[in-house]
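What follows is a single structure, written as structure tokens, with notes after it.
The values are calculated or read from the model by the stated rules, or taken from the named source; none is laboratory data. Note that the coordinates shown come from a computational prediction; the quantities given were computed from them, not determined experimentally. All Cβ positions, glycine included, derive from the backbone under ideal geometry; neighbour counts span all protein chains shown.
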There are 2 protein chains.
Amino acid sequence: MFPKISRSTLPCMKESPGVVDLLGVLAYAELSAYARMTEDAATLAPSLADRAALSELAVAEYAHFSLLRDHLAGLGADPDAAMTPFVAALDAWHAQTRPADWLQALVKTYVGDGIANDFYREVARHLDPSVAKLVDEVLVDEVRSQFAVERVRAEVEADPAAGARLALWARRLVGEALSQAQQVAAARPELALSLVEASGGQADISRLFATLTEEHNKRMAALGI
Amino acid sequence: MFPKISRSTLPCMKESPGVVDLLGVLAYAELSAYARMTEDAATLAPSLADRAALSELAVAEYAHFSLLRDHLAGLGADPDAAMTPFVAALDAWHAQTRPADWLQALVKTYVGDGIANDFYREVARHLDPSVAKLVDEVLVDEVRSQFAVERVRAEVEADPAAGARLALWARRLVGEALSQAQQVAAARPELALSLVEASGGQADISRLFATLTEEHNKRMAALGI
């Protein structure tokens, strides 16, 4: 007959593939955001203090990546294999949304990360509680990005035309994110399906999008755009 | 008469200008190395695991920057003002030594940072003990860069021609560093002078260069080039 396989030799099997996919996409999202924010800080910040402030957020993203990678390894998954399916889509999103100036970089950090974080958090709510806790831990960085809100708000109050341009930019960020998400879903239907199931089915998907839109609108209001 | 000024209102005055200059150049060296290593990791690493390994070194550089900046602020100095005189030279060094591939990036991390760190450590030895302690704390990262040594060594053993090319690259890194250091010394003679004095005069400058060369040769031997 078959040899008895102890649970400890197959540590990844106790988790649904949806968990590894979610942690994989989130890990690469953090690793790529860290690199992009570092570059934006180095090339666009108007002062060394501003450069340090955005770099500090970037370094926090790296720490999140590191937690997620270690958790994947702890589950018995290969972190590189878990991230690889999402590299092209996330790289494409960053290439399509390269900020042209410092304010665009700040809006991208706050609005782009915000909507992505809401998405990951909502999906994680329906998965294993320890995963939901890890994802929540990774995503608590609203306080840190407060400096971005203050900078953008001050600029928009001083120059309403800048506000109109940044509102357009924020819409483009969301549009490009949805476009990349659709491509991932089309290329990996089993992931899309597991996320739909994890979310509790179609009705909850509608609720998910309502939540994302509501939170996005709150962030736009916080920025004054 | 003049009002009595307590020491606490002039906290920067108890330190020589050489301390602020040294911490300023070191702080910007760490901030710029963090950005460059992050970019090298994102664009040159052959795998996500390698990218993470070099990114981890980059993030450690950011942590060092953060310590130095806070120490400068604690001395009553403006960290941006302390770093600004050195931005052009350090940016030029990075522009002149942009790695063309992953092995060049690893050699740059190990050899370039190594010689710079030896220089800062030697100069700091002659300054205030608390500064020397801080600088030592910031520069203890040999263990972390061990992965770079192992990777390069394995490659060079497998392909001696690659070793010859990397030896040339390492010489170029040192040459460009000396060239930038000379330009800084020419542009800021008072800094050069305070460093000579801090080092204990001309005789010690000769000893400093002997030490730097010796440590550099040890690193080249460790890499097998």
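Taking helices (runs of 4 or more DSSP H) as the structural unit, those lying wholly within the range A:1-115 and holding at least 1 residues that are at pLDDT 90 or above and away from chain B (no Cβ under 11 Å) correspond to A:17-44, A:48-74, A:87-96, A:102-107. Criterion applied to B:Phe147, B:Phe65, B:Phe119 was being of a type in the set (A, V, I, L, M, F, W, C) and under 19 Å from B:Thr43 (Cα atoms), and the one residue passing it is B:Phe147. Just the residues that are at pLDDT below 75 and hydrophobic (A, V, I, L, M, F, W, C), please, taken from the range B:194-217. B:Leu195, B:Val196, B:Ala198, B:Ala203, B:Ile205, listed by residue number. A:Arg188 satisfies every condition listed in (1) in contact (Cβ under 8 Å) with a residue 40 or more places away in the chain; (2) over 12 Å from the mean Cα position of the chain (by Cα); (3) closer than 25 Å to A:Ala63 by Cα; (4) surrounded by 16 or more Cβ atoms within 10 Å (Cβ to Cβ) except (3). Give the residues of the range A:116-140 that are without any contact (Cβ under 8 Å) to a residue 40 or more places away in the chain and hydroxyl-bearing (Ser, Thr, Tyr), sorted by residue number. Passing the criteria: only A:Ser130. May I ask you to list the residues in the range A:29-44 that are surrounded by fewer than 23 Cβ atoms within 10 Å (Cβ to Cβ), hydrophobic (A, V, I, L, M, F, W, C) and touching a residue at least 60 places away in the same chain (Cβ under 8 Å)? Residue satisfying the conditions is A:Leu44 alone.
Assess whether B:Glu150 counts as being surrounded by fewer than 19 Cβ atoms within 10 Å (Cβ to Cβ) and in a helix (DSSP H, G or I). Break it down stepwise before answering.
On the way: surrounded by fewer than 19 Cβ atoms within 10 Å (Cβ to Cβ): yes; in a helix (DSSP H, G or I): yes.
For B:Glu150, the condition - surrounded by fewer than 19 Cβ atoms within 10 Å (Cβ to Cβ) and in a helix (DSSP H, G or I) - is met.
Collect the residues in the range A:90-114 that are of a type in the set (A, V, I, L, M, F, W, C) and buried (at least 19 other Cβ atoms within 10 Å of the Cβ), keeping them in residue-number order. Explain how you work it out, then say what you get.
We begin by selecting, within the range A:90-114, every residue of a type in the set (A, V, I, L, M, F, W, C); these are A:90, A:92-93, A:95, A:100, A:102-103, A:105-107, A:111.
Once the filter is applied, which keeps residues that are of a type in the set (A, V, I, L, M, F, W, C) and buried (at least 19 other Cβ atoms within 10 Å of the Cβ), the range A:90-114 yields A:Leu90, A:Trp93, A:Trp102, A:Leu103, A:Ala105, A:Leu106, A:Val107, A:Val111.
Scanning the range A:137-160 for residues that are modelled with pLDDT of 80 or more and of a type in the set (Asp, Glu) turns up A:Glu150, A:Glu155, A:Glu157, A:Asp159.
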